[in-house]
Amino acid sequence: PPRSTLFPYTTLFRSITLYASDPSGVCSMSAWVNGVQMSGPTSLPNTTQWQQCPDPTWGASVDTRDFVAGAGPMSLQLGATNAAGVQSLVSETLSVDNEPVSVSLGTPNDSNPSVWVNHAVTMDASASAGPSGIGSLTCSVDRAAARAYAPAGVTIDGTGVHTASCTATNRAIDPQGSPNSGTSSMSVKIDETPPSVRFEPANPSNPTQLIADTSDAQSGVASGALEMRPAAGGTWEPLSTQVSGGHLVASFNDAGL
């Protein structure tokens with residue numbers, strides 16, 4: 001009989017193995033996949049002895065994609081003929097699932113993951129597969145060990161550019177017992193560290209100008225403002241400020257102060 005399978009679905013290349021024996025010997029072997037014949041080994045009978053042909057073992061590979069488009073049943077029939085011309089047939093039907101496995105990722109609280117944010121990010125993952133269904137869904141952040149995906153999503157935190165990936169498998173296996181799989185990845189930018197700011201010394205030739213040096217190792221400096229109030233206290237008053245080459249630049253007129 002053909003080699004049995006322990007799983008309900010199969011995928012991609014499958015091995016067909018036929019074991020046959022007979023007192024008079026097995027002189028020919030064949031397989032039919034969805035009605036298409038594959039010829040196996042043959043031998044000429046040696047009529048000088050009782051067992052006129054050897055008892056062979058035949059193996060062949062079948063690409064299930066040649067017989068089933070995407071997913072569906074695939075019929076398999078194996079046959080052997082002895083030296084007396086008597087044929088034995090055995091049949092079974094395999095469930096084939098060659099549909100691709102896909103994974104989609106998203107950040108529901110941050111519509112654009114390519115934009116820098118200053119907080120932890122939750123990544124959601126969803127997987128789809130053919131009729132064999134999803135077997136597993138695991139995720140990893142920054143090449144750490146993959147873990148089973150939880151319905152609450154994957155939390156990504158810490159300053160820096162993070163890479164997250166998720167892999168899903170279906171329940172259709174190949175001869176080595178490996179299922180089909182699909183992987184998706186995305187980058188998340190988080191900057192929870194404030195930029196550094198320091199004032200440059202006053203320039204005697206331009207005493208009304210204020211310059212503050214700014215830097216940020218992750219997301220960079222996008223904006224800033226300079227404000228002023230009396231040393232004794234009071235309300236902070238904003239100054240007209242420009243951002244130029246990593247500097248905050250403003251001028252004030254101290255006349256009448």
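Points worth noting:
- Think of a 1.4 Å ball rolled over the protein heavy atoms: the chain then has 58 Å² of accessible area per residue.
- For Ala60 and Val115, a Förster radius of 45 Å and the Cβ-Cβ distance give a FRET efficiency of 0.25, rounded to the nearest 0.05.
- Length available on full extension from Thr235 to Thr93: 0.36 nm per residue minus the Cα-Cα distance, which gives 42.8 nm.
- Percent accessible area from carbon and sulfur atoms, the stretch 158-206, protein chains only, probe 1.4 Å: 50
- Efficiency of FRET between Glu227 and Arg143 - r from beta-carbon atoms, R0 51 angstrom, step 0.05: 0.70
- The chain, relative contact order in percent, only Cα pairs under 8 angstrom and at least six apart counted: 15
- Kirkwood Rh, Cα atoms: Rg over Rh of the chain: 1.43
The values are calculated or read from the model by the stated rules, or taken from the named source; none is laboratory data. What you see is a predicted model; the values in this text were computed from it and never measured. Neighbour counts run over all protein chains shown; Cβ positions are idealised from the backbone, glycine included. For accessibility, only protein heavy atoms count, side chains too; no ligands or nucleic acids. Shrake-Rupley method; radii C 1.70, N 1.55, O 1.52, S 1.80 Å.
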